[in-house]
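The values are calculated or read from the model by the stated rules, or taken from the named source; none is laboratory data. Treat the numbers as computed from the prediction; the structure is a model and nothing was measured. Here the Cβ positions follow ideal geometry from the backbone for every residue, glycine too, while neighbour counts run over all protein chains shown. Just the protein is used for accessible areas: all its heavy atoms, side chains included, with ligands, DNA and RNA removed. Shrake-Rupley method; radii C 1.70, N 1.55, O 1.52, S 1.80 Å.
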Amino acid sequence: MIHVTIPLIPGEDGVPLIPADRVTALLRAIAVDWMNAGDDADPAVDRQTVDGLAGVLDELADSIDVECIAFTSTPEDRARGGE
C-alpha cells in the first residue's frame, strides 16, 4: 500500500489545485503498486487485466506530462522544436 502526500494550492477562484508533477507521480505510483500487488495476488487475479490497467495509468501520466510541457513552453521553444 502506498502513502502519498500531495500539496493543495489555492487557485485564484479558491478552488484547490494539485501540481501536475504530483498527479503524474501519483498515477505512476499507483500503477507500480498494482503491478506489485498483481505479483503477490492469488491465481484468480487476471494478470493481463492488471498489466493493462497499469499501462493505462502510465499512458495517462505521459499524456499529462506532454500537455504540461506544451502549455509551459514559449512560442520560441515550440518553433525550435522544444529545445
Subject >> Selection from the range 18-36 of residues that are under 20 Å from E67 (Cα atoms) and open to solvent by 90 Å² or more (accessible area, probe 1.4 Å) >> reply: D21, R22
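Does E83 fit the bill of being part of a loop (DSSP other than H, G, I, E, B), at pLDDT 75 or above and over 16 Å from the mean Cα position of the chain (by Cα)?
Spelling it out, it is not the case that E83 is part of a loop (DSSP other than H, G, I, E, B), at pLDDT 75 or above and over 16 Å from the mean Cα position of the chain (by Cα).
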Subject >> Within the range 37-69, tally of residues that are without any contact (Cβ under 8 Å) to a residue 40 or more places away in the chain, under 17 Å from the mean Cα position of the chain (by Cα) and either open to solvent by less than 50 Å² (accessible area, probe 1.4 Å) or within 16 Å of I2 (Cα to Cα) (or both) >> reply: 6
